[in-house]
Structures are given as structure tokens and as C-alpha cells.
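Undergrad: The following block contains the structure, expressed as C-alpha cells.
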Amino acid sequence: MGCGDSKRVIVPTIKNESNRNAKLQGQTKTDKREQKLKKSKIEHPLHHQGEKKPVPKHENRKTEKGKEPENNKYKEIDEHARKAPKELKYSSDDLVNYMSSFTKDPEYLVRGFFIWISENIQYDVDGYFGKTGKAPCDSESVMKNGKSVCEGYAKVMEELCRKANVPVKKISGFAKGFKHTAEEIITGQTKTNHAWNAVQLAGKWYLLDSTWGSGNVSHSHEFEKKLNEFYFLTNPKHLICTHFPYINNDMEESIKWQLLGEPVSLSEFSRSIRYWPSAFKIGARAVSHTDGLVEMANELKMTFKSIGKEEIIFSARLELQDGDTFHKQENATYGYMGKECYTFHVHPREPGTYKLNIFGRPNVEDTQNNTSTSLMKYTLKCSKVGDKHFEYPQTYANTDVEKVILHEPLSGKLRANTEVHFKIETPFLQMVRVGKTMLQRSGSIFTGLVETGTPGKLCVWGNRSLGFDGTKGILKFQVV
């Protein structure tokens, strides 16, 4: 779907509610507005093709790639919120007064409420998984008990904002949370499963999720408290990848709360891949496969890219699903960095359902930011496999650093005592050898016949000079 210029932004129009002094603007009829918007789009991951168009300035207070605001900006209000006396949990009025004694600025008040909630409310994991009855979700009980599911989090934020005279909306809808899989089809008849908020600051509306911002549920069904800045005043074009508003079964009204110039349809949302916050922080995007469920046979080729200033080194992990258990498949993926995209080959060893996790990190020398993080998640449905013993060769960090592309052989298992033709491409290396055999260089391409020898490992080495100092391992094969 193409993305062109968009001069109009759909802005929610709300009915009269208590403690609201401002109205959202949206004065044209919905049908005419939507017809016009079909001709123009604001780019986000679910409308990924075409020219880039930034989200309207008033909808995004974060950097271009969705990074959090500077921590120092909120340092003092954060500290104030964390030092709130424990007895304030018994009175929302007293808590609002406490925050207001520090600042009258609506943005900083909302920030203070966001931090207080993350510090004082834990997710009701047992209630969510049905081990116990769910804790009450009314704001008074949630503040007092310090436990709730998303509905309670959103109600507390709503209560505090209203008493602080900050226009606020509690939004219910669909979220791709802990239980979500790409096989799940979400329709208008599906029961909503999440709640979050919108707040109005300086006449413009912003989105936040105090539940996901306070921590996450681990695979062992325990709540892990951890502030996640991503969910405070989140870029609407990023939040729509995991949050779809659907309030009171009213799609026409609900879709406005996406705060997007070109709203995403429910079917688009349902089938799209699950992006993690880190994908937006480093500017990672899927290119070839934008749906979360992929049907395949034998081998799959996928491409990804960076839309930021730095290149991204991607990695992948394939896991075979066996009931509720997932088994990691060793050497079932092979990736390399091309001129424009990063390409993965995926080869399961048996038919079945697989989980494919995509990771990545910026290609920078800063070792402190050199850790790969989760970016996207797919479900693969593999119908058949030709070679059940196929494996790719093992790669190393230097494989990506040197931009090594293995053209042949792609099989990581080589027959003993045979001649195998190697073709390797790399723009930086001056020398490449396989075992003791030097490959012949022609530009950035290295080729040659290699005798595999006896069973064992066969390593590929490279060097940016013609000497032996600085030689690096770039690939490893198994000779069988």
C-alpha cells in the first residue's frame, strides 16, 4: 500500500464529559474524510511502502525513530513521584495534590502519575491466568491494593488525570500481548483484551500505556517490574503495531483513537507481525514479510532493513513448537548483510509450526550498545521439507562485521574427502582461506576448489591484510 502526502489528520471528537475543557477537532463527515484519506497515507510499519511522511508533530514528542525523551527532562518529577508517601494510595485527591505541589504543568503531572503507577501497582498475574479471582479494577481498589490487570491501570490513570484537570480518555481494544500468536484472527466479534489511555496536552492528544510501561509478565508467569519508557507518549504509528482501539463495538468512533492520518484496518492489524519496542528504537523494519503468519515449504528467504542512520546487524532464532514447548533449531537460519537489506535463509528440518524471532543491534563500535535485542516475531507453518538433515554453516560476529556473503556451498555439512567449490563475497577482506586452501580473489569475490579431508570441522578464515596477523574466523562447516 502506497504512502503519499497527507494534509489531514483524523482527530477524535469526544462528547461532553466531566473535567474536560477542550474538544478534539474533526469537523468533516467521517465518510467523506475516509474517502479522502484512502488517497493519502502517513507511513508506519503497517503501511510500509511508498514515500516517507512523518507523523504530525503534535502526535509525537519522541525522536524520529521512536526513542524515549531524554531521561533528564523528567528526572525531578520522577524522583518526586518515587518519593510519594505510601499513605497516598488511599486517596487519589491527596496524590494529585502531592504531584501538583511540585508542578502544575500537565505533561509533568501525567509523567508523575505514570511513574507512581509503575512504582506502586503490580500486574495481577494470578488473576490474569485464572489461578485466583481477578483483583477489583475500580481505581480506588487498585490504588489501595496495588494490584490489577490493565483495566485497573488505565482507570487509575484516568482518575488521576481528571482530578488534575488533564483531559483524558480510557481506551479499550486489542493488544498483541503475552498470549498473542500470529495464528489468532482478530475480528469485530473478538473480545477486547486490553486498556490504555490518551491524554490531551497543549490541545493535542497523546497515547500512553501505564500497564506495559510498568513491566512485563515472564514465561514463568511472574510479573517483572521494569519501567519501559517506550509506552509514555508513544508515537501513534508505533503503538498501532500492538494496540488497536475498539471501544463499545463502535469501529467508526474507535478508529479515531489511533491518532493516525490514515487509520489501520482491523484485518491489517490482525495479520501484521509483532514488533517489539527495540525495533523502533534502532529503526528496524521488515521488508519481504510484513504478516506475522508465514506459510512455507522447504526453505524461506526473508529481508529486513534499517531506516535509521546506522546499519543493523540482524540475527534469528528458529524454534519448533511442541504443544506449549519450543525447541531451538541449531543452524537452521543463515543471514548476511547486502547493500540495501539484510537477508535471511530459513530451513526447517521437519514440517510443523515454528516461532521465528528476529533480533538486531546497530553496527557500531560502541561495545556498551552492542547487545542484540528482540525486534520482531513470526509464526512459520512449514508444510514439507526436502532435506531433513540440512544445516547452514555456523557464523560468527565477524561474518557480519566483514559483510561476508556465502554464495556456495550453503550446506553446513560437507562430505568427507570430496572437492567442494567455494564462492564467498566480502568488500573488506584481502584474504580468505578455507582450512589451508587460499581462495582466489577477483574484486570482492573469492572462489576456489577445496578438498574437505577427513571428518571434523572446516573453518573459513579472513584477513583485511595479506599477512597472518589479524586473521578472523568467519564461517565453520562440519565435514561428515
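Just so it is clear, none of the values below were taken in a lab; they were calculated from the coordinates. Predicted model only: the values in this text are computed from it and were never measured. FYI the Cβ positions are ideal-geometry reconstructions off the backbone, even for glycines, and counts take in every protein chain you see.
Undergrad: Past 26 Å, Cα to Cα, is the threshold; run Lys301/Lys413; Lys144/Lys170; Lys104/Lys309; Lys355/Lys384; Lys144/Lys176 against it and keep the listed order.
TA: Cα-Cα > 26 Å for Lys104/Lys309; Lys144/Lys176; rest within.
Undergrad: Same structure again: Sequence-distant or interchain residues sharing an amide H contact under 5 Å with Gly360, placed H: which?
TA: Ser315, Thr373, Leu375
Undergrad: Something else now. Can you give the convex hull volume per residue for the Cα atoms of segment 394-479, as a whole number of Å³?
TA: In segment 394-479, the Cα hull volume divided by residue count equals 79 Å³.
Undergrad: Find the all-direction average of the projected area of the Cα convex hull for segment 282-382, expressing the result in square nanometres with one decimal place.
TA: On the way: hull surface 26.8 nm².
So the Cα hull casts an average projection of 6.7 nm².
Undergrad: What does the highest-first list of 404-415, 234-245, 157-168 look like by mean Cβ count within 10 Å?
TA: 234-245, 157-168, 404-415
Undergrad: Kindly rank 291-304, 193-206 from highest to lowest mean number of other beta carbons found within 10 Å of each residue.
TA: Values: 291-304: 17.5, 193-206: 20.4.
So the order, starting with the most tightly packed, is 193-206, 291-304.
Undergrad: Related question: Output the peptides 346-356, 421-431 sorted from most to least packed, where packing is the average of other Cβ atoms within 10 Å over each peptide's residues.
TA: In descending order of packing, they fall as 346-356, 421-431.
Undergrad: Mind jotting down the distance between the C-alpha centroids of segment 326-351 and segment 126-153, whole Å?
TA: 41 Å
Undergrad: Let me ask something else. For segment 141-285, rounded, prolate or oblate, judged on the Cα gyration tensor with a ≥ b ≥ c (square roots of eigenvalues), a/c < 1.5 rounded, else prolate if a/b > b/c?
TA: Note, shape of segment 141-285 comes out rounded.
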